[in-house]
Amino acid sequence: MKFAVIVFPGSNCDIDMFHAIQDELGEEVEYVPHTADSLKGFDGILLPGGFSFGDYLRTGAIARFSKIMPEVVKASAAGVPILGVCNGFQILLEAGLLPGAMRKNRDLAFICKQTQLKVENNTTMFTTSYKKGETITLPIAHGEGNYYCDEETLSHLKENNQITFTYHMDNPNGSLENIAGIVNENGNVLGMMPHPERAVDCLLGSEDGLKLFQSIVRNWRESYVVNA
Amino acid sequence: MYKVKVFITLRENVLDPQGTAVESALHSMAFESVRDVRIGKYMELTIDKTNQNIDDAIKEMCERLLANTVIEDYRYEIEEVVAL
């Protein structure tokens, strides 16, 4: 499986993402600049964390008009797995590939720490290697992770089982319903504030993130083999 | 030419943690009468006159980029000025 890591000006988790895929997962991966106009040949797309375009205006607001983004939108419609982490999640929200928006953290502070998450839905292509309800440890590092959507959208998210990860026990940023990660209706786009790519080796304090990437590869292979 | 002023604020039902922090600072300055603080953004745009309807253009700019209508409201003022 071949992954693309999209690099925006101000991305700073692109190297971690690359390392997770190449060295820990053992799959192919390439950096793709935000100015590229094609994602041909990639089986999975990763939008890394960071501060794209300096977080000017709103987090992700400028990045979503990058030249590469129409290709990401196309890939999303074609069912390609797309993972946005942290700033990547914020970009997916601004691009309208996921519903809702981010507010500043409830207590205004930038929070950088390990968090406990609950796997709410282990039937998505990103989470099948986890058990339902499993508690995992992933780090967060953000100033704007306070997820918000209106009531109608929230009930829609619940009905479709789109809430994938929630903060367990302690909600660090005030996000609605403790939401830490959601998928789109089709289940091929996941946005999450916690960083699975920073938790792929026990040396890093946790390797709970690795299963997320393993899930993508396993599910992609299964559908690929079935369709072939 | 137009001078356009755009005002963006968080929607009424969206909690404004910055506003809340500023409000409590004002209270500690003994301005206890302050009831609510909402922090927003103010932008000034200078726009050349074209065939496009200026109102439609500003609306599109606000809806697609300048504001995130999931959490923000916007309003604007358009002033026609003579180019120097």
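Among the residues of the range A:90-119, the ones that are away from chain B (no Cβ under 14 Å), crowded, with 24+ Cβ neighbours inside 10 Å and farther than 19 Å from A:Leu210 by Cβ come to 0 in all.
For the residues A:Val72, A:Val5, A:Val29, the requirement of being buried (at least 16 other Cβ atoms within 10 Å of the Cβ) and in a helix (DSSP H, G or I) singles out A:Val72.
Looking only at the range B:31-60, filter to residues that are of a type in the set (Lys, Arg) and surrounded by 10 or more Cβ atoms within 10 Å (Cβ to Cβ); which one of those is farthest from the chain's Cα centre (by Cα)?
Within the range B:31-60, the subset of a type in the set (Lys, Arg) is B:35, B:38, B:41, B:49, B:59.
From the residues that got through so far, the ones that are surrounded by 10 or more Cβ atoms within 10 Å (Cβ to Cβ) too are B:38, B:41, B:49, B:59.
Numbers: B:Arg38: 11, B:Lys41: 5, B:Lys49: 22, B:Lys59: 13 Å.
Out of the qualifying residues, it is B:Lys49.
Of everything in the range B:9-25 that is open to solvent by less than 60 Å² (accessible area, probe 1.4 Å), in a helix (DSSP H, G or I) and at the interface with chain A (Cβ under 8 Å from one of its Cβ atoms), the residue that is farthest from A:Arg103 (Cα to Cα) is B:Ala21. Look at the range A:49-63: where a residue is surrounded by 23 or more Cβ atoms within 10 Å (Cβ to Cβ) and a partner is aromatic (Phe, Trp, Tyr), sitting 6+ places away or on another chain with Cβ atoms under 6 Å, you get A:Ser52/A:Phe8; A:Ala63/A:Phe8; A:Ala63/A:Phe53.
Scanning the range A:194-206 for residues that are among the small types (Gly, Ala, Ser) and assigned to a loop (DSSP other than H, G, I, E, B) yields A:Ala199, A:Gly205. Restricting attention to the range B:27-84, the residues that are over 26 Å from A:Leu93 (Cβ atoms), assigned to a helix (DSSP H, G or I) and touching a helix residue (DSSP H, G or I) at 6+ places or on another chain (Cβ under 8 Å) add up to 0. For A:Gly191, the test of being under 28 Å from A:Ile62 (Cα atoms) and part of a loop (DSSP other than H, G, I, E, B) is failed.
The values are calculated or read from the model by the stated rules, or taken from the named source; none is laboratory data. Small disclaimer: the values here were computed from a predicted structure and weren't measured. Cβ: placed from backbone, ideal geometry, glycine included. Neighbour counts: every protein chain shown. Heads up: the accessible areas ignore ligands, DNA and RNA and are worked out on the full protein's heavy atoms, side chains in. Shrake-Rupley method; radii C 1.70, N 1.55, O 1.52, S 1.80 Å.
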